[in-house]
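Here the structure is laid out as structure tokens; the discussion comes afterwards.
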Amino acid sequence: MASRSTKNPHPGETHTQNIGQRLNWLRAGVLGANDGIVSTAGVVIGVAAATPANVIAIATAGIAAVVAGAFSMAGGEYVSVSTQRDTERALIAKEEWELETMPEEELEELADLYRQRGLSDELAHQVAAELTAKDALAAHAEVELGIDHEEFTSPWSAAVSSFVAFAAGALIPLVMILLPVGEHRVWVAAVAVVIGLFFTGWISAALGGAPRGRAILRNVTMGSATMIATYLIGVLFGVAIG
């Protein structure tokens, strides 16, 4: 089997794509943790505002939020990645059929793709012919479709990573609000959440090369708004129950 470097006319392009895929997974993990922090904080702070002395109720609501959220994230990722993988497989199957039934047209199509990238007619045909001779399917999959036909994303890996990321983030508000700090539990949890959101905002911005300050501000602002809203709802229900 030809090496990846022989199938790719641009040295380092596949390596760069693999790095990009890993960064995307890492960024998704950070965002999953961020969702876990915010959604669980909203639940436990709302319940704590309604029944500040009922630790069992707070813990029950918090654990339920962690479990439901983690499974929801995992299920969503599994379905999404499974759909993506099925689509990629269908595209590869279509490409295989086209290569078998119309090889000359496919060779010209590949050469045209290299012309669009700036190669001369002669060089484009030469590159297309050499790549087709080595591994036609790999050449078309990478250049035409942007797919590695030998490596599809695993939906189970996506599901597990999303589950773990969400649960890890959710533990921050859950653990902090259950600390034995009495009437200060909401403030302790809120401060911990803001710190957690600061770091997830910074990391996500760093991974994407975006300005850190704006990302952190957005993250902390939205998380704080969520906590304030659920706290007020909890207070209202607490007054109504009382």
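Between (i) 18.1; (ii) 21.1; (iii) 19.6, which matches Kirkwood radius over Cα pairs in Å calculated for the structure shown? Given (i) 18.1; (ii) 21.1; (iii) 19.6, the structure-derived one carries the label (ii). With R₀ fixed at 30 Å, the C-beta to C-beta distance from residue 194 to residue 72 puts the FRET efficiency at about 0.80. Between residue 108 and residue 156, the simple label model (points 7 Å from Cα in the Cβ direction) yields a spacing of 4.5 nm.
Averaged over residues, the count of other Cβ atoms within 10 Å places the peptides 168-179, 59-70 in the sequence 168-179, 59-70, highest first. Scanning residues 5 or more positions from residue 147 or on other chains, those with amide H under 5 Å from its amide H are 142, with H placed 1.01 Å from N in the peptide plane. Per-peptide packing, taken as the mean over residues of other Cβ atoms within 10 Å, places 46-56, 203-213 in the sequence 46-56, 203-213 from highest down. Over region 4-241, Cα pairs under 8 Å with separation of 6+ residues give a relative contact order of 36 percent. Between residue 168 and residue 212, the contour length at 0.36 nm per residue exceeds the alpha carbon distance by 13.6 nm. With the simple model of a label 7 Å out from the Cα in the direction of the Cβ, residue 237 to residue 86 spans 3.7 nm.
Extension gain, residue 59-residue 228: 0.36 nm per intervening residue step, less the Cα-Cα distance, totals 58.9 nm.
Read the figures in this text as sums done on the coordinates, not as results from a lab. Predicted model, so just to flag it, every value in this text is computed and none were measured. For neighbour counting, all protein chains shown are included, and Cβ atoms are generated from backbone atoms with ideal geometry for every residue, glycine included.
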